[in-house]
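Structure record follows, encoded as structure tokens.
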Amino acid sequence: MADISTRYRETSIDAANKARLVQMLLGRAMQHARAGAAAAAEGRIEARFNENLRISEIVTVLRGHLDLERGGAIARQLDTIYGHVQVVVMKIDVRGDASLYDHVLALFSDLERAWAEIARSPAPPAPAPAAPAPGPAARPAQDGGARAGFSLHA
């Protein structure tokens, strides 16, 4: 039982760290969007392009780590948002329209706040272990007494 609790805690911490990492990436993307907007306003085309490239790289990383099967509707919505951001960033490069950065910053800001809330949320309580079935199928495994066939998936 102690092994299961320890593994659950580690998984919860790992999940919180992932939420914090996403927050950090979104924060960095917002910095690049602000720098891109400043470069666009000053007519520094190459600097604007480089900032947009960095934004696209961050969004590609975020998008690439979505699990569309297990993440369900939320993962699909995030994928749509990230795809939209990538299109808007390309439009900024093509049009040189600095006003589009406001839209990108608003999306990133909303996402960052949502991930901050997730990072602050307490981990859900550990599920109670199932009672062993009576009979020979309930014999302990060789790994310190854990039930045979039981595994905790992260």
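Computed from the coordinates by the stated procedures, all read-outs in this text should not be read as laboratory data. In this text, all values refer to a predicted model and were calculated from it rather than measured experimentally. Here the Cβ positions follow ideal geometry from the backbone for every residue, glycine too, while neighbour counts run over all protein chains shown.
Taking the range 17-78, which trypsin sites (Lys or Arg not before Pro) meet the DSSP loop condition and have no more than 15 other C-beta atoms within 10 Å? Write out the running numbers ahead of the final one.
Details: sites: K18, R20, R28, R34, R44, R48, R54, R63, R70, R76; in loops: R44, R70.
Listed in order of number, the matching sites are R44, R70.
Using θ = phi - 60° and the Karplus form 6.51 cos²θ - 1.76 cosθ + 1.60, what ³J(HN,Hα) does each residue of the range 86-96 get, whole Hz, x for Gly and Pro?
Whole-Hz 3J(HN,Hα) from phi for the range 86-96: 4, 5, 4, 5, 5, 5, 4, 5, 6, 8, x.
In nm, to one decimal, how far is the K91 label point from the R44 one, both placed 7 Å along Cα→Cβ?
2.5
For the range 40-80, run through the GluC sites (Glu not before Pro) and keep only the ones in DSSP coil with at most 11 other Cβ atoms within 10 Å of their Cβ. Walk me through the intermediate numbers first.
Numbers: sites: E42, E46, E51, E57, E69; in loops: E42, E69.
For GluC sites (Glu not before Pro) across the range 40-80 that sit outside H, G, I, E and B with at most 11 neighbouring Cβ atoms in 10 Å, the list reads E42, E69.
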